[in-house]
Amino acid sequence: MKRIELEKIIEVLGGDVLRVIGPIKRTVTHPAPIREARDESAVTFCRKAGFEALDLIRSTKAGVILCPEDVAFDESEFSGKTIIKVRNPRLSFMRLVEAFFSQPKPRGIHPTAVIESDAEIHPEVYIGPFTYVGTKCIIGEGTVIYGHVHIYSNTRIGRNVTIHAGTVIGADGFGYERDENGELEKFPHIGGVLIEDNVEIGANTTIDRGTLGDTIIREGAKIDNLVHIAHNVVVGRNAAVIAHAMVGGSTHIGDYAWIAPSACLRNGVSIGDRAMIGLGALVVSDVPEGTTVMGVPARASEEYKKILKTLKKLVENE
């Protein structure tokens, strides 16, 4: 069983640590949810505040708890535990787990993977079972691609990218034009997909290739499971696109934007930096930088809340 000295944890967390209360000369063996910790060898975290935080810290069996700096309590009441005050307990806990308890990245190419001869694959990658990598693809150092992923030709993937099982990168988008007889003719898709460094893409997600240029996923972006990214989309740096979202063709998502689950973005719209798209929103027009929108069709959050309030009053007055 792995035993981690608490002093080492404090050292690794560094500037995250604001104050340590209780014994430092102790070890932990595993991380655990605060309500499910089995014994004092567990390390956990608490995000709550006030009395709720105190109740959780009091009741948990974990010996080491990360908690917010503003939780005030009688230290003598918790003499058997070590409490580490940090600015962001969940973030510090994530860093702790990553440093001491996470499994190392897999490496190597599974024998069932199919890789075209002209693909450029860095030696320090992992390509899982039954994954296909097409012609003229490039995959950078530290990237992990799990099983049953299909990567079409002319896809460039940067360093330390993670692509989960069942995802399809670089299929043709839905681009058609009706001819003089009303029949649909396909727009040739001769572009590619560019995925920059430190991107993570969830399971069973689809990212279409560009028509003439590239579909681009910028550095640090995170795309959840079951998301559709259409052709010529740009997803900005450190943006997040959550499960079941549908992003229409040629849409531009700004840096640090947040696209909530089941949101639908019409083709060609622009989502500003740090904008937030609410749960299930239907976005049919541009969203300015730093704006939060919600509803169908999507409106600024203040306007949407006023509409709901007015509707509630109408119902109550019937």
- Task: Could you give me the residue pairs with C-beta distances under 7 Å whose first residue belongs to the stretch 292-318 and is closer than 21 Å to A275 by Cβ, whose second residue is part of a helix (DSSP H, G or I) wherever it lies, and which are 6+ apart or on separate chains?
- Result: T292/S301; V293/S301; M294/S301; M294/Y304; G295/Y304
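Quick check on the stretch 3-16. Is at least one of its residues farther than 19 Å from F101 by Cα, touching a residue at least 12 places away in the same chain (Cβ under 8 Å), surrounded by 12 or more Cβ atoms within 10 Å (Cβ to Cβ) and out of contact with any helix residue (DSSP H, G or I) (no Cβ under 7 Å at 6 or more places or on another chain)?
If we filter the stretch 3-16 for residues that are farther than 19 Å from F101 by Cα, which is where we start, we get 15.
Now narrow it down to the ones that are touching a residue at least 12 places away in the same chain (Cβ under 8 Å): none.
Looking for residues that are farther than 19 Å from F101 by Cα, touching a residue at least 12 places away in the same chain (Cβ under 8 Å), surrounded by 12 or more Cβ atoms within 10 Å (Cβ to Cβ) and out of contact with any helix residue (DSSP H, G or I) (no Cβ under 7 Å at 6 or more places or on another chain), one finds none in the stretch 3-16, hence no.
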- Out of Y176, Y132, report the one residue that is under 23 Å from I190 (Cβ atoms), among the hydroxyl-bearing types (S, T, Y), at pLDDT below 95 and surrounded by fewer than 22 Cβ atoms within 10 Å (Cβ to Cβ). Y176
- Message: Being of a type in the set (S, T, Y) and closer than 20 Å to V234 by Cα is the filter here; which residues of the stretch 267-315 pass it?
- Response: S270, S285, T291, T292
- Task: Tell me which residues, restricted to the stretch 77-131, are in contact with a Cys (Cβ under 7 Å, 6 or more places away or on another chain) and assigned to a helix (DSSP H, G or I).
- Result: P89
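Quick check: anything in the stretch 136-150 of a type in the set (F, W, Y) and either in a loop (DSSP other than H, G, I, E, B) or surrounded by fewer than 15 Cβ atoms within 10 Å (Cβ to Cβ) (or both)?
We begin by selecting, within the stretch 136-150, every residue of a type in the set (F, W, Y); these are 146.
From what is left, the residues that are either in a loop (DSSP other than H, G, I, E, B) or surrounded by fewer than 15 Cβ atoms within 10 Å (Cβ to Cβ) (or both) are 146.
Among the residues of the stretch 136-150, at least one is of a type in the set (F, W, Y) and either in a loop (DSSP other than H, G, I, E, B) or surrounded by fewer than 15 Cβ atoms within 10 Å (Cβ to Cβ) (or both), which makes the answer yes.
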- Task: Within the stretch 24-48, track down each residue that is within 14 Å of L66 (Cβ to Cβ) and among the small types (G, A, S).
- Result: A32, A37, A42
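State yes or no: is E124 among the acidic types (D, E), surrounded by fewer than 17 Cβ atoms within 10 Å (Cβ to Cβ) and over 30 Å from R3 (Cα atoms)? Outline the logic, then answer.
Numbers: among the acidic types (D, E): yes; surrounded by fewer than 17 Cβ atoms within 10 Å (Cβ to Cβ): yes; over 30 Å from R3 (Cα atoms): no.
When the stated conditions are applied, E124 does not pass them.
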- Item | Residue list for the stretch 61-96, restricted to those being out of contact with any Lys or Arg (no Cβ under 7 Å at 6 or more places or on another chain), at pLDDT 90 or above and farther than 19 Å from L18 by Cα | A62
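Do we have G295 as buried (at least 17 other Cβ atoms within 10 Å of the Cβ), assigned by TED's automatic domain parsing to the domain that holds K222, at positive phi and touching a helix residue (DSSP H, G or I) at 6+ places or on another chain (Cβ under 9 Å) here?
Details: buried (at least 17 other Cβ atoms within 10 Å of the Cβ): yes; assigned by TED's automatic domain parsing to the domain that holds K222: yes; at positive phi: yes; touching a helix residue (DSSP H, G or I) at 6+ places or on another chain (Cβ under 9 Å): yes.
Against the criterion (buried (at least 17 other Cβ atoms within 10 Å of the Cβ), assigned by TED's automatic domain parsing to the domain that holds K222, at positive phi and touching a helix residue (DSSP H, G or I) at 6+ places or on another chain (Cβ under 9 Å)), G295 qualifies.
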- Quick one: count up the residues across the stretch 146-191 that are within 15 Å of T206 (Cβ to Cβ) and either outside the structural domain of T211 (by TED's automatic domain parsing) or within 23 Å of the chain's Cα centre (by Cα) (or both). 15
- Query: Before we move on, is G63 surrounded by 19 or more Cβ atoms within 10 Å (Cβ to Cβ) and farther than 30 Å from E141 by Cβ?
  - Reply: yes
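Do we find a residue being of a type in the set (S, T, Y) and out of contact with any Ser or Thr (no Cβ under 7 Å at 6 or more places or on another chain) anywhere in the stretch 29-44? Explain how you work it out, then say what you get.
To start, the set of residues in the stretch 29-44 that are of a type in the set (S, T, Y) comprises 29, 41, 44.
Applying the additional criterion that residues be out of contact with any Ser or Thr (no Cβ under 7 Å at 6 or more places or on another chain) yields none.
Scanning the stretch 29-44 turns up no residue that is of a type in the set (S, T, Y) and out of contact with any Ser or Thr (no Cβ under 7 Å at 6 or more places or on another chain).
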- Message: Which numbered condition in (1) under 28 Å from the mean Cα position of the chain (by Cα); (2) in contact (Cβ under 8 Å) with a residue 40 or more places away in the chain is the only one that P106 fails?
- Response: (2)
- Task: Kindly check whether there is at least one residue in the stretch 166-173 that is outside any loop (DSSP other than H, G, I, E, B), free of Cβ contacts under 8 Å to residues at least 24 places away in the same chain and of a type outside the set (D, E, K, R).
- Result: no
- Message: For R47, only one of the following conditions fails: (1) exposed (fewer than 15 other Cβ atoms within 10 Å of the Cβ); (2) in a loop (DSSP other than H, G, I, E, B). What is its number?
- Response: (1)
- Message: I'd like the full set of residues that are under 19 Å from S250 (Cβ atoms), of a type outside the set (V, I, T) and outside any loop (DSSP other than H, G, I, E, B), limited to the stretch 188-217.
- Response: L194, D208
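The values are calculated or read from the model by the stated rules, or taken from the named source; none is laboratory data. Owing to the predicted nature of the structure, the values given are computational and were not obtained by experimental measurement. Reconstructed Cβ throughout: ideal geometry from the backbone, glycine too, with neighbour counts over all protein chains shown.
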